[in-house]
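Novice: I have a structure here, written as structure tokens, and I will follow up with some questions on it.
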Amino acid sequence: MLDALNKEDRLQLMRFVCSFAWADLEIAEAEREFIVKMVVRLGLDEEEQDQVAKWLEVPPPADDLDPADVPTAHRQLFLDAAKAMILSDGNVEDVEAENLIILDQLLR
């Protein structure tokens, strides 16, 4: 399913994933490793990798995270990726769980 994403969709997915990594205001090493694995799995080019690296330093702007912009065909993928992100460090904070519930509701 990941290979069905175009460049814009790949970046949008990583924008959401990175925002979930920042939900508790810090990125754990396991979360960082998860993001790196996603970058590899998505086959991001150098420009895309640079953008993701920036989001690891500073969270993506909230204005760039509109669930309504997620293509209907990819909504479950985005939700699954967000869930995998919050589970990646083995510690689900309340804010992470709440954000996932909200994303789920907005994508339906």
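Each value in this text was obtained by applying a stated rule to the coordinates, not by laboratory testing. Small disclaimer: the values here were computed from a predicted structure and weren't measured. Here Cβ is always computed from backbone atoms with ideal geometry, including for glycine, and neighbour counts include all displayed protein chains.
Novice: Using R₀ = 22 Å, calculate the FRET efficiency as 1/(1 + (r/R₀)^6) where r is the Cβ-Cβ separation of L56 and A30; round to 0.05.
Specialist: So, using R0 = 22 Å, E works out to roughly 0.95.
Novice: Within segment 1-91, report the GluC sites (Glu not before Pro) that DSSP leaves as loop and that have at most 11 other Cβ atoms within 10 Å.
Specialist: Filter output for segment 1-91: E26.
Novice: Under a Cβ-Cβ cut-off of 13 Å, what is the net charge of the residues other than D69 that fall near it, where Lys and Arg count +1 and Asp and Glu count -1?
Specialist: Computed value for this residue: -3.
Novice: For D104 and D63, calculate 0.36 nm times their separation in residues minus their Cα-Cα distance, and state this gained length in nm to one decimal.
Specialist: Additional length available on full extension: 12.9 nm.
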